[in-house]
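The structure appears right after this line, and notes come after that.
The values are calculated or read from the model by the stated rules, or taken from the named source; none is laboratory data. Values in this document were obtained by computation on a predicted structure and should not be read as measured data. Don't worry about glycine lacking a Cβ; one is built from the backbone with ideal geometry, like all the others, and counts go over all protein chains shown.
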Amino acid sequence: MAPRSLLCFGDSNTHGTLAMRHMGDRRRLAKPERWTSVMGEALGPEWNVIAEGHPGRTTVFEDPIEGVHKSGLRALPALLESHRPLDLVLIILGTNDLKARFGLTAFDIALGVQRLALDTRRSDSGPDGQPPKVMLVAPVAALESGCLAPIFEGCAPKSAALPGHLGQIAAANDLGFVDLNAVAQVDPLDGIHLDAQAHAAIGTHVAQAVTEFMTQD
């Protein structure tokens, strides 16, 4: 029996970017230490985990500074098609929408995540041409810290409010939901990215959530 496939649709924290010491710092956690790899080990050979983490990726917004290609809405259709059939899609976005340049509320950001989830559910990228299941993953709360503080000015209260909105959207649309804030915190070096310990905790936590969600009736 072929393994089931799981797409992790995320940003730099799915990519494995380490906390930035300065702008342009592109250090990346070793692949076995990234949360997607930890989750894959926990889930076992019955699952094929596909990590699609793009640094700077937003939910649905084109970035006027970093480029239109940062929009998750632009990238999602191609990824759903290229990796199908997909049994499950995890959407782990919202952190980059906190950038001051976008001027969004936490609710607006959550609606962007909802758009991606509903577009996924309208696709034919699951088994036998059916839509895949979808789980929303609330990102670890961001802080204004280090070299990224000017970019993420005012992010903390919005970031703290985001999981509540995402949980409500998940419940209203019969989606899976897991909150990473239960097990991890950002690295205070830049207030956005995660260290190896956080990745390990997240991988184990999300693996458990996936197993529970996929065994529901």
Q: Please enumerate the residues belonging to the range 102-147 that are over 22 Å from Ile65 (Cβ atoms), assigned to a loop (DSSP other than H, G, I, E, B), among the small types (Gly, Ala, Ser) and within 15 Å of the chain's Cα centre (by Cα).
A: Ala141
Q: Report the residue count in the range 16-56 for those that are among the aliphatic types (A, V, I, L, M) and under 14 Å from the mean Cα position of the chain (by Cα).
A: 4
Q: Tell me which residues, restricted to the range 56-70, are crowded, with 18+ Cβ neighbours inside 10 Å and either over 18 Å from Ala100 (Cβ atoms) or hydrophobic (A, V, I, L, M, F, W, C) (or both).
A: Val60, Phe61
Q: Go through the range 149-193 and count every residue that is of a type in the set (Val, Ile, Thr), under 26 Å from Thr120 (Cβ atoms) and not in a strand (DSSP E or B).
A: 3
Q.
Going by what's in this entry, would Leu189 be described as buried (at least 18 other Cβ atoms within 10 Å of the Cβ) and aliphatic (A, V, I, L, M)?
A. no
Q) Within the set of pairs 6 or more residues apart or between chains, which connect a residue that is farther than 27 Å from Ala149 by Cα and at pLDDT 95 or above inside the range 16-45 to a residue that is exposed (fewer than 14 other Cβ atoms within 10 Å of the Cβ) and among the charged types (D, E, K, R) with Cβ atoms less than 6 Å apart? A) Ser37/Lys31
Q: Go over the candidates Gly146, Gly154 one by one and state the one that is touching a helix residue (DSSP H, G or I) at 6+ places or on another chain (Cβ under 7 Å), over 29 Å from Leu43 (Cα atoms) and either at pLDDT 95 or above or basic (Lys, Arg) (or both).
A: Gly154
Q | Failed condition for Pro188, given (1) touching a residue at least 24 places away in the same chain (Cβ under 8 Å); (2) closer than 17 Å to Gly10 by Cβ | A | (2)
Q. In this structure, is Leu180 hydrophobic (A, V, I, L, M, F, W, C), buried (at least 21 other Cβ atoms within 10 Å of the Cβ) and within 24 Å of Glu81 (Cα to Cα)?
A. no
Q | Subset of the range 88-130 (residues that are touching a strand residue (DSSP E or B) at 6+ places or on another chain (Cβ under 7 Å), among the charged types (D, E, K, R) and crowded, with 20+ Cβ neighbours inside 10 Å) | A | Asp97
Q: Could you please tell me which pairs satisfy a Cβ distance under 8 Å, a separation of 6+ or placement on different chains, a first residue in the range 138-151 that is more than 27 Å from Val206 (Cβ to Cβ), and a second residue that is buried (at least 20 other Cβ atoms within 10 Å of the Cβ)?
A: Cys147/Met20; Cys147/Asp190; Ala149/Gly191
Q) Among the residues of the range 164-171, is any β-branched (Val, Ile, Thr), at pLDDT 95 or above, more than 13 Å from the chain's Cα centre (by Cα) and closer than 16 Å to Phe107 by Cβ? A) yes
